[in-house]
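Just below is one structure, and these are the notes that go with it.
The values are calculated or read from the model by the stated rules, or taken from the named source; none is laboratory data. Computed from a predicted model, the values in this text were never measured in an experiment. In this analysis, Cβ positions are derived from the backbone assuming ideal geometry, glycine residues included, and neighbour counts consider all displayed protein chains.
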Amino acid sequence: MADNSFIINTNESEYNISANVRLIGDDVLVSIWGGEKPHIGAVAMAQPRTSLKDDSLTSSTASVFTYVGHKEDELVKAASEILASTLKTKVVVTAGIHWDNLPSRGIHKVIQNSKILVDLILERLVSSM
C-alpha cells in the first residue's frame, strides 16, 4: 500500500459510521466513529493465534477496555478479532459512536453498519497487499 492510512465510511442511508485505518509496520490501527458526538468509548487489542478447534486455521484473541457508560465494547472486540485473524497481524480498534435517543432500529442499523465497515476495511487492505 503506497499510503499507510485511509478513511472509509459506510455511505448507508442513515447511521453512517467511518473509520480511519493506519498501517504501522505490519500492524493495523483503526479508529471508528459516528453520530452526533464522536468520541473514544472502547479500545480492543487483538492478535492472531492458531485456532483452538483446528490448528490449520488462524483465529484471534482480544483484550478490551471500555470507559464507564459506553457500549462500544462488543463492536471493537468483534472488529479487532476479525481483522487480526484475517490479516494475521496485531490490530488495535477504538470506537466512539453516539446519537442522542437512538431507537432500537437505529442500534440494529449501527451494528449492521459496523459489519459493513469491517468488510470494507478488509476489502481495501487485502486488495492492497
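For segment 43-66, the candidate set comprises residues that are touching a Ser or Thr at 6+ places or on another chain (Cβ under 9 Å) and charged (D, E, K, R); within that set, the residue that is nearest to residue 94 (Cα to Cα) is 49. Scanning segment 49-60 finds no residues that are out of contact with any Leu (no Cβ under 9 Å at 6 or more places or on another chain) and within 25 Å of residue 34 (Cα to Cα). In this structure, residue 43 qualifies as among the β-branched types (Val, Ile, Thr), within 19 Å of residue 71 (Cβ to Cβ) and surrounded by 11 or more Cβ atoms within 10 Å (Cβ to Cβ). Residues considered: 7, 17. Of these, the only one that is touching a Ser or Thr at 6+ places or on another chain (Cβ under 7 Å), closer than 15 Å to residue 117 by Cα and free of Cβ contacts under 8 Å to residues at least 40 places away in the same chain is 7.
Of the residues making up segment 95-117, those that are closer than 13 Å to residue 19 by Cβ and either touching a helix residue (DSSP H, G or I) at 6+ places or on another chain (Cβ under 7 Å) or of a type in the set (Lys, Arg) (or both) are 95, 97, 114, 115.
Scanning segment 10-42 for residues that are among the hydrophobic types (A, V, I, L, M, F, W, C) and farther than 26 Å from residue 101 by Cβ gives 21, 23, 24, 28, 29, 30. Give the residues of segment 45-84 that are touching a Lys or Arg at 6+ places or on another chain (Cβ under 8 Å), at pLDDT 90 or above and of a type in the set (Ser, Thr, Tyr), sorted by residue number. Residues satisfying the conditions are 60, 61. Within 19 Å of residue 10 (Cα to Cα) and part of a strand (DSSP E or B): does that describe residue 94? When the stated conditions are applied, residue 94 passes them.
Every listed requirement among (1) surrounded by 15 or more Cβ atoms within 10 Å (Cβ to Cβ); (2) within 20 Å of residue 9 (Cα to Cα); (3) in contact (Cβ under 8 Å) with a residue 60 or more places away in the chain is met by residue 74 save one, (3).
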